[in-house]
1. Kindly indicate whether residue 80 is at pLDDT below 95, touching a helix residue (DSSP H, G or I) at 6+ places or on another chain (Cβ under 6 Å), within 21 Å of residue 188 (Cβ to Cβ) and buried (at least 17 other Cβ atoms within 10 Å of the Cβ).
2. Looking at the range 276-287, which of its residues are in contact with a helix residue (DSSP H, G or I) (Cβ under 8 Å, 6 or more places away or on another chain) and outside any loop (DSSP other than H, G, I, E, B)?
3. Say whether the condition of being in a strand (DSSP E or B), buried (at least 16 other Cβ atoms within 10 Å of the Cβ) and touching a strand residue (DSSP E or B) at 6+ places or on another chain (Cβ under 8 Å) is met by at least one residue in the range 215-224.
4. Across the range 11-33, what is the number of residues that are surrounded by fewer than 20 Cβ atoms within 10 Å (Cβ to Cβ), closer than 23 Å to residue 164 by Cα and touching a helix residue (DSSP H, G or I) at 6+ places or on another chain (Cβ under 7 Å)?
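The values are calculated or read from the model by the stated rules, or taken from the named source; none is laboratory data. Owing to the predicted nature of the structure, the values given are computational and were not obtained by experimental measurement. Here the Cβ positions follow ideal geometry from the backbone for every residue, glycine too, while neighbour counts run over all protein chains shown.
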């Protein structure tokens with residue numbers, strides 16, 4: 001397996017994801033993992049600033065009645081190209097496997113301006129990673145591709161930092177080259193198609209390094225997990241029967257999940273989330289608290305086992 005460490009003959013631990021440099025890896029950049037870890041800095045802070053300013057600009061355009069703003073919002077979502085430099089994801093499930101960036105951008109925009117319009121208006125959708133909970137066709141692969149492109153400059157800065165730290169990246173025949181790449185500009189709130197970055201070159205192709213812990217096999221905010229825990233959990237309580245002794249009788253989630261209107265899928269997620277919102281329950285915020293607790297426990301367990 002030609003991992004980064006093996007290719008460059010780096011010994012000892014490294015602070016980046018040690019991917020196979022010769023093929024796609026079944027790992028996906030997870031914006032929420034970056035948000036919870038908030039490390040390493042300054043790269044994590046800048047990556048989150050890119051993600052948050054991008055989504056804020058999209059939601060501003062969704063809420064606007066100006067045809068110019070709405071056209072601009074759609075356009076921003078159609079500038080993604082497959083970020084193969086990171087070697088993350090699976091190409092057949094990324095943009096190229098879904099008809100291209102234009103199609104995915106259109107799906108996201110259409111969903112935000114129709115089914116999710118109310119969620120945007122009340123601030124229930126606050127972060128880039130929330131999209132994967134509600135938009136059909138957007139899962140770990142597309143989320144990873146979108147996040148990588150938006151965070152490309154901080155990732156490139158992290159890569160440059162690692163090149164300076166490890167002499168192996170420029171030892172012998174190994175080289176780095178300067179490229180002009182597309183990246184989000186969080187200050188000007190627009191895409192910069194001529195961002196200059198310097199990256200290592202492996203087999204003639206640039207390599208973008210990803211901090212350890214930023215890429216996962218599954219998203220922390222995955223739609224199936226949201227449905228199976230928080231969405232069905234709300235449905236349980238709504239359908240609970242109070243017994244004579246005051247105790248509540250709950251229908252098991254595996255039974256609820258087979259009932260009409262509660263089956264697995266984003267249509268169910270959108271409908272139940274809207275139902276909860278009308279009763280002043282923010283299921284997205286509740287789910288993020290649940291995920292944060294689980295993430296903290298897992299990290300504590302790993303630390304104690306080390």
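1. On the way: at pLDDT below 95: yes; touching a helix residue (DSSP H, G or I) at 6+ places or on another chain (Cβ under 6 Å): yes; within 21 Å of residue 188 (Cβ to Cβ): yes; buried (at least 17 other Cβ atoms within 10 Å of the Cβ): yes.
In short, yes.
2. 276, 277, 283, 284, 286, 287 - these are the residues of the range 276-287 that are in contact with a helix residue (DSSP H, G or I) (Cβ under 8 Å, 6 or more places away or on another chain) and outside any loop (DSSP other than H, G, I, E, B).
3. Looking through the range 215-224, at least one residue is in a strand (DSSP E or B), buried (at least 16 other Cβ atoms within 10 Å of the Cβ) and touching a strand residue (DSSP E or B) at 6+ places or on another chain (Cβ under 8 Å).
4. 2
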